[in-house]
Amino acid sequence: MSASTAIPRSANTLSRRARRRSAALGAAAWAVGVGFCLPALWMVLTSFHAEADAATNPPSLAAALTLDGYRTFFGGGGGPTPWPPLVNSLAASFFSTVLVLLLALPAAYALSIRRVRKWTDVMFFFLSTKMLPVVAGLLPVYLFAKNTGLLDNIWLLVLLYTSMNLPIAVWMMQSFLADVPVSIIEAAQVDGARLPTVLRRVVAPVAGPGIAATALICFIFSWNELLFARVLTGVVAGTAPVHLTTFVTSQGLFLAQLCAASVVVSLPVLVAGYAAQDKLVQGLSLGAVK
Amino acid sequence: MTVTATRETPAPPAPARKPGGSGRRRAWATRAPLLPALVFLIAVTQLPFVATLVISLFDWNSLKPEKRHFTGLSNYASVFTDEALRESVVTTVVLTASVVLVSVILGLAFALLLDRTFFGRGFVRTLLITPFLLVPVSAALLWKHALYNPEYGLFNGALTWFGDLFGIESVAQPEWTSQMPLIAIEAALVWQWTPFMMLILLAGLQSRPAEIMEAARLDGAGPWQTFRYLTLPHLRRYLELGILLGSVYIVQNFDAVFTITSGGLGTANLPYTVYETFYRAHEYGLASAAGVVVVVGTIIIATFALRVVSSLFREEASRA
């Protein structure tokens, strides 16, 4: 990530005014960053406050810190534990990510390394399904699930999340696999290497990080999904986002608890997202921006 | 749904194929890896949409299943004449347009700030993308309860605090979500989507050719001129991409509307209305018709989106 820094600029050619201006802009960036992130920071701080301190006006910044919010969220106060929803989210996201990879990898191979004819048209078909709003298929899926007894079952979510993420995964992986120089692959084949070896020795090292990032993005999207989960699951298969929404209604409003719950549910995504910042843009812009 | 914006995309030259007797078998061998993904996607996304189309032609309330009958396009007439539904069409447009516009402008400003070296740049960047990484429901809950709450939310708390600071007795304590419901949702969504725009525009800024920027500087172009005549034209593609992808996602927003106002006070957008119509009101036919309207709207946006993406993509393909 070298920005306009690519323009060679040695320190001594910078006038004092330019340096002052640059320092001011740096400070402004800091102020904007902290200010913009403030709601999230506030959420984290509140999650460590006692309920009485969380619900004061004006806010009490210096109140004692406690883990009570987290303890109650995890069932410390005799309430429902969040483990089943968290496990459901984990399972639905994990299995759908695996399924996405299994389907998207061969497809991306056919779209980049050994290209099918009219490959761009196929790419755009994949993309166009992503433009189909979720609500347009919700009712038939609901009726189907109801009639086949698949309601409140995470495997149905796995299928739906797979279809939701497959187009993005195909696009991303296509662009990552296209980065593998065909000449190297051919050289390896001339040397007698067979497909599995080529994939392992040549494709994986080049495209591996991209594939990992793709998996991460699919996982994040599945983890975040609310509408399908809300309509198609209930007591058994409810996911973490659904739990978050019902948590507020069933427990009444306890701000510190709510903040603790939000932090816990967001934590996997935050960690994954920070780790894959650059690839995230590429994935979200469907591979159009590198 | 198949958007055919690809018509004008000339297929880039296919890699040279060796002519051979087993050409047909070979073509299938290349095609085979593609099929599982294609078949899966058609089955899981296109079939339900066809079913939605069919259901939208029926008068069907699931509480009175015996009265189900074919009614033609009358559900569509209801979508456009029913005041609540028509309002939700307007709400969707307003919500999408305003959120996309504001987040693009903010995102551009943030990207410009980050496009220079300064102490702790990586950390500030991390701070700025955090809102985008929060689970959408928890972000919506955060805004509703921790920020907007009239009694102990951060906003009113800050107002009180400032009041105390300047010795003002009773500071106004607005009820954000009931006094300005749509703006409340928009603010939360702008907060979540600005980082997305920033990331795309930052990628655009960093792909500016350094030599040209340097040449402009040597020719005496000031920062504003450089921005106006070099940076902005270069960013056009990225701006379009951000706007269009943002629109496609925000048109479909459900989480924020559901969480912050539950669609009350004129904030119900189409996705929320479809959800309500079928999940609570059990009007299957009507909900399906509304769903189809959402799709048509999205297709219009998507056609433009695909055109933009395809132009970027063509550059990519020609570079390869």
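Just a few scattered comments:
- For the range B:85-182, the calculated P(r), taken from all Cα-Cα distances in 5 Å bins from zero up to the bin holding the longest distance, is 2, 10, 12, 14, 17, 18, 15, 9, 3, 1, 0 percent.
- Each pair of Cα atoms in the range A:112-187 enters the Kirkwood radius, and Stokes-Einstein at 10 °C and 1.306 mPa s then converts it into a translational diffusion coefficient of 107 µm²/s.
- Hz values of 3J(HN,Hα) by residue in the range A:125-138 - Karplus curve (6.51, -1.76, 1.60), Gly and Pro given as x: 5, 4, 5, 5, 5, 5, 7, 7, x, 4, 5, 5, x, 4
- Sorted largest first, the spans of the alpha carbon positions of the protein assembly as shown along the three principal axes are 88, 84, 48 Å.
- In percent, rounded to a whole number, the relative contact order of chain B is 30, using alpha-carbon pairs under 8 Å and six or more apart.
- Across chain A, Cα pairs under 8 Å and at least six residues apart give a relative contact order of 28 percent.
- Amide H to amide H distances under 5 Å link A:HIS49 with A:THR66, where only residues 5 or more positions off or on other chains count and H is placed in the peptide plane.
- Remark on B:PHE58: its backbone amide H falls under 5 Å from those of B:THR71, a criterion applied only to residues 5 or more positions apart or on other chains, H modelled at 1.01 Å from N.
- Using R0 = 22 Å, the C-beta based FRET efficiency linking B:TRP161 and A:ALA31 works out to 0.75.
- Chains B and A together bury some 9800 Å² of accessible area, summed over both sides, with a 1.4 Å probe.
- Two-site FRET efficiency, B:SER311 against A:LYS118, from Cβ-Cβ distance with R₀ of 25 Å, rounded to 0.05: 0.85
- Annotation for the range B:154-246: GluC sites (Glu not before Pro) lying in DSSP loop with at most 15 further Cβ atoms inside 10 Å of their Cβ are B:GLU169, B:GLU175.
- Over the range A:190-290, volume per residue of the alpha carbon convex hull, in Å³: 151 Å³
- Radius of gyration (Cα atoms) of chain A, expressed as a multiple of 2.2 N^0.38 Å: 1.27.
- According to the calculation over all Cα-Cα pairs in the range A:78-223, the P(r) per 5 Å bin from zero is 2, 9, 16, 17, 17, 13, 10, 7, 5, 3, 1, 0, 0, 0 %.
- Residue range of chain B that is longest and free of chymotrypsin sites (Phe, Trp or Tyr not before Pro) which are both DSSP loop and sparsely packed (at most 12 other C-beta within 10 Å): B:167-320
- Rolling a 1.4 Å probe over the protein heavy atoms of the protein assembly as shown, with every protein chain left in place, gives an accessible area that is 66 percent carbon and sulfur.
- Charge dipole of chain B about the Cα centre (unit charges at C-beta), most positive-ward option of B:MET213, B:VAL137, B:GLY266: B:MET213
- With 0.36 nm allotted per residue and the present C-alpha distance subtracted, the B:LEU218-B:GLU83 stretch has 42.6 nm of extension available.
- A:ALA52 versus A:ALA204: modelled label distance in nm, points set 7 Å from Cα along the beta carbon direction: 5.9 nm
- Estimated D of chain B in µm² per second, where Rh is the Kirkwood radius over Cα pairs and Stokes-Einstein applies at 10 °C, 1.306 mPa s: 67 µm²/s
- Phi angles of the range A:23-29 translate, via the Karplus equation with coefficients 6.51, -1.76, 1.60 and θ = phi - 60°, into HN-Hα couplings of 5, 5, 5, x, 4, 4, 4 Hz per residue; Gly and Pro are given as x.
- Taking only Cα atoms of the range B:157-237, radius of gyration then Dmax in Å: 21.6, 59
- Note on B:LYS67: aspartates and glutamates with a C-alpha under 20 Å away, same-chain residues under 8 apart excluded, are B:ASP59, B:GLU283.
- Two-site label geometry, B:ALA172 and A:VAL190: point separation in nm, points 7 Å out along Cα→Cβ: 7.6 nm
- Here the Karplus relation 6.51 cos²θ - 1.76 cosθ + 1.60, evaluated at θ = phi - 60°, turns the backbone of the range A:182-197 into coupling constants of 4, 4, 5, 4, 5, 4, 5, 5, 4, 6, x, 6, 9, 3, x, 5 Hz, with x for every Gly and Pro.
- Label-point separation in nm, A:ALA18 to A:LEU267, each point 7 Å along Cα→Cβ: 4.7 nm
- Value of Rg to Rh for the range B:120-163 (Rh from inverse mean 1/r over Cα pairs, i.e. Kirkwood): 1.13
- Here the range B:186-320 has an Rg and Dmax of 20.4, 68 Å, counting Cα atoms alone.
- Prolate/oblate/rounded call for the range A:46-149, Cα gyration tensor, a/c under 1.5 rounded: prolate
The values are calculated or read from the model by the stated rules, or taken from the named source; none is laboratory data. None of these values were measured; they are calculated from a predicted model. Cβ atoms come from the backbone with ideal geometry, glycine included; neighbour counts cover every protein chain shown. For accessibility, only protein heavy atoms count, side chains too; no ligands or nucleic acids. Shrake-Rupley method; radii C 1.70, N 1.55, O 1.52, S 1.80 Å.
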